[in-house]
Amino acid sequence: MSNNGRNNRANRTLANRNMGKLSLWVACIGLAFSMGISLSVSAKEVRLSGKASDFSLPSNQGKTLKLSDFRGEVVMLNFWASWCAPCRQEMPLLEGLHKRFKKVGFTVLGVNIDEDVSAAKKILKEISVSFPVMYDSKNKVSEMYALDSMPTTVMIDRKGNKRFLHRGYRPGFEIEYEKQIRALLRE
């Protein structure tokens with residue numbers, strides 16, 4: 001067999017392998033979409049409606065806080081955990097949003113879901129925030145809001161209605177958060 005014949009056969013074999021890999025990737029992506037898994041890098045918002053369920057929890061401010069105490073403000077309810085790397089990455093950005101918009105009727109309410117509150121307090125020593133952090137160590141509020149990812153953020157309007165839901169965090173989500181905060185503040 002000539003060198004050209006061997007090279008052609010090798011090229012066909014390599015092409016067949018690459019097509020097989022491509023087909024596998026296409027199948028995986030198709031399966032992910034059919035299961036409702038988002039592969040998007042942008043903030044995937046879910047529009048919500050209905051009243052936000054009220055709750056009260058102990059906080060890092062030394063007193064028990066209620067969600068309804070913040071009625072009249074736009075609230076970013078952010079569920080997080082000490083073991084969640086994206087949560088820790090997002091916290092300084094949430095602090096920035098809180099500081100930027102708090103004077104015009106906006107607040108961030110952090111809800112930590114660690115069973116061991118000391119783990120949350122340790123993170124809060126490393127990442128200082130001025131917004132209130134509530135401790136849901138029994139996960140009652142987490143269950144009430146049916147959390148399925150960390151972090152989870154629920155945007156609540158001035159009337160106490162749930163408006164937007166964000167699951168997870170990736171750099172750039174804060175741009176979408178800011179758009180929603182501005183829109184809710186204008187209402």
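The values are calculated or read from the model by the stated rules, or taken from the named source; none is laboratory data. These numbers come from a predicted model, not from an experiment. Cβ atoms come from the backbone with ideal geometry, glycine included; neighbour counts cover every protein chain shown. For accessibility, only protein heavy atoms count, side chains too; no ligands or nucleic acids. Shrake-Rupley method; radii C 1.70, N 1.55, O 1.52, S 1.80 Å.
Brief remarks follow.
- Of the residues making up region 87-132, those that are open to solvent by less than 60 Å² (accessible area, probe 1.4 Å) and of a type in the set (Asp, Glu) are GLU90, GLU95, ASP114.
- Long-range neighbours under 6 Å by Cβ, at least six apart or interchain, first residue open to solvent by 50 Å² or more (accessible area, probe 1.4 Å) within region 68-86, second outside any strand (DSSP E or B): ARG71/GLY160; GLU73/GLY105
- Of the helices (runs of 4 or more DSSP H) contained entirely in region 98-187, those carrying at least 1 residues that are within 19 Å of LEU65 (Cα to Cα) and of a type in the set (Lys, Arg) fall at 117-126, 140-144.
- Being open to solvent by 20 Å² or more (accessible area, probe 1.4 Å), within 27 Å of LYS51 (Cβ to Cβ) and in contact with a Gly (Cβ under 7 Å, 6 or more places away or on another chain) is a property that LEU147 lacks.
- For region 60-67, the count of residues that are open to solvent by 30 Å² or more (accessible area, probe 1.4 Å) and either under 16 Å from LYS179 (Cα atoms) or charged (D, E, K, R) (or both) is at least one.
- Cross-chain or 6+ apart pairs with Cβ under 7 Å, region 139-155 first and closer than 13 Å to HIS166 by Cα and touching a residue at least 40 places away in the same chain (Cβ under 8 Å), then among the β-branched types (Val, Ile, Thr) and buried (at least 17 other Cβ atoms within 10 Å of the Cβ): TYR145/VAL154
- For region 151-159, the criterion of being polar (S, T, N, Q) and crowded, with 18+ Cβ neighbours inside 10 Å is met by at least one residue.
- Region 103-116 residues that are in contact (Cβ under 8 Å) with a residue 60 or more places away in the chain, paired with ones that are surrounded by fewer than 15 Cβ atoms within 10 Å (Cβ to Cβ) (beta carbon under 7 Å, 6 or more apart): none
- For LYS179, the conditions (1) free of Cβ contacts under 8 Å to residues at least 12 places away in the same chain; (2) open to solvent by less than 70 Å² (accessible area, probe 1.4 Å); (3) over 24 Å from GLY62 (Cβ atoms) all hold with the exception of (2).
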